[in-house]
Amino acid sequence: MDSKTTTNSLPEVLFDGMTIPPFPPLRVSVRQRFEDIRGLCTRPDDVIITTYLKSGSHWVWEIICMLLQGATSFVKEGKGSQFLEALDDLNLINKMTSPRTLNTHLPYRWLPRKHLENDGKIVHVVRNPKDVAVSMFFHFKETGDFIGSEKLDLDDRVNGMLSDAPNQPYGGWFTYEKDFIKHSKANIHFVHFERLKRYPLEEIKRLADFLRVSYSDQLIFHIAEKCNFTSLKEADDTTKVTTRKNVHGPNPKSLFLDEKPFTVECIDKGHMSSTGGMTDGKALKEVVFDGMSLPPFKPLREGVEARLNAIKHLETRPTDILLAIYPKSGTHWVWEIVWMLLNGRAEYIKEGKESLFLEAMDDIGTIKSMDSPRVLNTNLPFRWLPQKHVESNGKIIHVIRNPKDICVSLYYHFIGSGLFMHSDGVQFADCFEGLFSKERKPPYGGWFSYEKDFEEAVSNNYNIHVLYFENLKRNPMVEIKRLAEYLQVPQSTKLLHEISDSCSFNKLKRADDTLKEKSKYKKIVVGANPKFEGDVDKVQYNSFFRKGEIGDWKNHFTVTQNERFDELYRKQMVDSKLTVYYE
Ligand code: A3P
């Protein structure tokens, strides 16, 4: 064996300034295997996938195989069957049918010479080194690829990667990537892990163009779906085990370690109830409960189940009016209109809707002492609304807004409201995934299920007044009149005109900036985000009246996000009769 041994009994292989996992052929003769790889007789239609460790080689391998096949079935063998440095017998490669999808973590200087000389296709996947370090840490610890790796801690891994320490895995990320950048040419196609994650359709199309395979939008979409994290992990667990045994020993662990959605962040320990929002003993920056991710309002962080039950069993009055509306669909707007109608004059009230925001208000018990009529409001789904109110046919006002604009509005709310820790640097694509990706627990359970439940409730003849955001924007007089009829309050044309005018976007925004009482809102933000250290004065008010337009999504959605959304809508709302106005 031409590798040096370390202090452990079955060491990693050290060769040419690199540490390499002790794959069986390398333990026999690492030099021989490397020379054999360099001398490999490649074919013109070969594709070689080159990646540093933990940078997405399995993911891209599956995508490329599907593109080359023009189909979306998983190849049973797995990428290990063409993993050059680990394959038991390299000659097996010669017997494989074309096109082959070879793959390796070897640095540029050890790639098959013939392939380089002939400008053969190379797909090079790059991932940011911080995530690589974390992924390597868990990989080494859990797969046992390196003897003694169970003793490593994350600091060892990160410090090792960030120093000039000799013999880093495959020579170290920096050297490895610098070499590829130095040799970049048209035959090397760079795929960035993070872009592939955010814009799968675009990136898969770019790959298809590079590979010169023909494709339809439909195929690209299905490949993206099939190769999303959850499906791939499932396929890996069920169909790929055999080949991994050859490479990683008798008990291979999944190479798809559990993904952390962007919403999962520690805020502090011990604030959350054990019934919701706890993961690995740590509190999340959003509260997760009953399939929903909820904003980290203090009452929810302290006991989400208790607060939701308190809402469900609320002692309501026949005169109560409940605004039950998905986030960012115009609750503040309708709150104002309803109060003007109830008061019979177009004057702004001082109190913001936060004073009766059921899941966020500090002490829900205080509503007992409030005068009637009360305008309760919540973003919770139908099943969590106050049962007594629902069952006794109490008034419920429900606003529907198109989910694309909601996504945009939520994004600005997320980054600007101060409610959420670590919202810095969050991109629109993160919000899009958070709201529409199947793998995530979306805000309040997601728009689709929220609206489907309401559609069913309406068909069951509960006393629900349905109002479209877009209609209210276009025909305020008509919609305000309908609201007045529902509320059974006087509705002179003069009053309707005045309300319509006072509640136009610009006027309402100005009134909100200048007249509204903000202390309750700020208290909610302080309770949600420990960064304010309980100091209300540190909270900057971020207006709920941002742009107020229909179709702002066109300035934010990429074409592929739009395609993905439309497809998702078709699937999710297949039995729905809902009309949605996107423009
Ligand atoms: P944008 O972020 O798209 O501007 P909610 O009150 O449920 O949080 O919803 C907030 C959204 O309603 C914001 O959307 C806000 O601008 C919009 N909105 C509020 N009042 C409005 C009005 N008078 N006309 C149009 N949009 C309004």
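The values are calculated or read from the model by the stated rules, or taken from the named source; none is laboratory data. All of these numbers come straight from a predicted model, not from anything done at the bench. Quick reminder, even Gly has a Cβ in these numbers, built from the backbone with ideal geometry, and neighbours come from all protein chains shown. For the accessible areas, the whole protein counts, side chains as well, though only heavy atoms, and no ligand, DNA or RNA atoms are used. Shrake-Rupley method; radii C 1.70, N 1.55, O 1.52, S 1.80 Å.
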Practice item. Collect the residues in the stretch 347-359 that are more than 11 Å from the ligand (Cβ to nearest atom), of a type outside the set (A, V, I, L, M) and closer than 24 Å to F297 by Cα, keeping them in residue-number order. Key: K350, E351, S355, E359
**Study point:** Failed item, numbered, when K121 is tested on (1) in contact with a helix residue (DSSP H, G or I) (Cβ under 8 Å, 6 or more places away or on another chain); (2) basic (K, R); (3) at pLDDT below 90
**Key:** (3)
Practice item. Please tell me if S369 is away from the ligand (no atom under 16 Å from the Cβ) and either at positive phi or free of Cβ contacts under 8 Å to residues at least 60 places away in the same chain (or both). Key: yes
Point to revise | Condition check for I64: of a type outside the set (G, A, S), within 37 Å of the chain's Cα centre (by Cα), under 26 Å from R212 (Cα atoms) and part of a helix (DSSP H, G or I) | key: yes
Exercise for review: For the stretch 94-112, enumerate the residues that are more than 26 Å from G17 (Cα to Cα) and crowded, with 20+ Cβ neighbours inside 10 Å.
Suggested key: T101
**Study point:** Selection within the stretch 523-536 - more than 27 Å from the chain's Cα centre (by Cα) and within 18 Å of G352 (Cα to Cα)
**Key:** K523, V536
**Study point:** Within the stretch 446-488, tally of residues that are open to solvent by less than 20 Å² (accessible area, probe 1.4 Å), aromatic (F, W, Y) and either more than 34 Å from the chain's Cα centre (by Cα) or more than 19 Å from W333 (Cα to Cα) (or both)
**Key:** 4
Practice item. Give the residues of the stretch 161-201 that are over 25 Å from R109 (Cβ atoms) and surrounded by fewer than 17 Cβ atoms within 10 Å (Cβ to Cβ), sorted by residue number. Key: E194, R195
Point to revise | Check on S423, within 16 Å of the ligand (Cβ to nearest atom), small (G, A, S) and in contact with a helix residue (DSSP H, G or I) (Cβ under 7 Å, 6 or more places away or on another chain) | key: yes
Practice item. Of the conditions (1) closer than 23 Å to K226 by Cβ; (2) at pLDDT 90 or above; (3) open to solvent by 40 Å² or more (accessible area, probe 1.4 Å), M66 clears all except one; give me its number. Key: (3)
Check your understanding: For the stretch 202-212, how many residues meet the condition of being open to solvent by less than 30 Å² (accessible area, probe 1.4 Å) and either in contact (Cβ under 8 Å) with a residue 60 or more places away in the chain or in contact with a strand residue (DSSP E or B) (Cβ under 6 Å, 6 or more places away or on another chain) (or both)?
Key -> 4
Practice item. Being closer than 19 Å to L472 by Cβ and part of a helix (DSSP H, G or I) is the filter here, so list the residues in the stretch 393-409 that pass it. Key: P403, K404, D405, I406, V408, S409
Check your understanding: Hey, N506 hits all of (1) modelled with pLDDT of 85 or more; (2) within 24 Å of K404 (Cβ to Cβ); (3) assigned by TED's automatic domain parsing to the domain that holds R301; (4) surrounded by 14 or more Cβ atoms within 10 Å (Cβ to Cβ) but one; which does it fall short on?
Key -> (4)
Exercise for review: Considering only the stretch 402-429, state which residues are charged (D, E, K, R) and either at pLDDT 95 or above or open to solvent by less than 10 Å² (accessible area, probe 1.4 Å) (or both).
Suggested key: K404, D405
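Quick grid of which residues meet (1) in the same structural domain as Y541 (by TED's automatic domain parsing); (2) touching a residue at least 24 places away in the same chain (Cβ under 8 Å); (3) among the hydroxyl-bearing types (S, T, Y); (4) surrounded by fewer than 17 Cβ atoms within 10 Å (Cβ to Cβ):
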| site | (1), (2), (3), (4) |
| --- | --- |
| G330 | yes, yes, no, no |
| W333 | yes, yes, no, no |
| L341 | yes, yes, no, no |
| R345 | yes, yes, no, yes |
| S355 | yes, yes, yes, no |
| D362 | yes, yes, no, yes |
| N377 | yes, yes, no, no |
Practice item. May I ask you to verify whether S392 is more than 18 Å from E517 (Cβ to Cβ), within 14 Å of the ligand (Cβ to nearest atom) and at pLDDT 95 or above? Key: no
Practice item. Show the residue pairs that are 6+ apart or on different chains and have beta-carbon atoms under 9 Å apart, the first residue being within the stretch 529-555 and among the acidic types (D, E), the second being more than 8 Å from the ligand (Cβ to nearest atom). Key: E533/V526; D535/V526; D537/K522; D552/K404
Review point. Inside the stretch 499-574, counting only helices (runs of 4 or more DSSP H) that do not spill past its ends, which hold 1 or more residues that are under 29 Å from E455 (Cα atoms) and away from the ligand (no atom under 15 Å from the Cβ)?
Key: 559-572
Practice item. Filter the strands (runs of 3 or more DSSP E) completely within the stretch 285-328 down to those with at least 2 residues that are within 16 Å of the ligand (Cβ to nearest atom) and surrounded by 20 or more Cβ atoms within 10 Å (Cβ to Cβ). Key: 321-324
Exercise for review: For the stretch 329-346, name all the residues that are over 31 Å from the mean Cα position of the chain (by Cα) and within 16 Å of the ligand (Cβ to nearest atom).
Suggested key: E336, I337, V338, W339, M340, L341, A346
**Study point:** Considering residues of the stretch 203-237 that are assigned to a helix (DSSP H, G or I) and of a type in the set (G, A, S) only, the residue farthest from the chain's Cα centre (by Cα)
**Key:** A208
Review point. So V399 clears everything in (1) touching a Ser or Thr at 6+ places or on another chain (Cβ under 9 Å); (2) of a type in the set (A, V, I, L, M, F, W, C); (3) exposed (fewer than 15 other Cβ atoms within 10 Å of the Cβ) except one condition, right? Which one?
Key: (3)
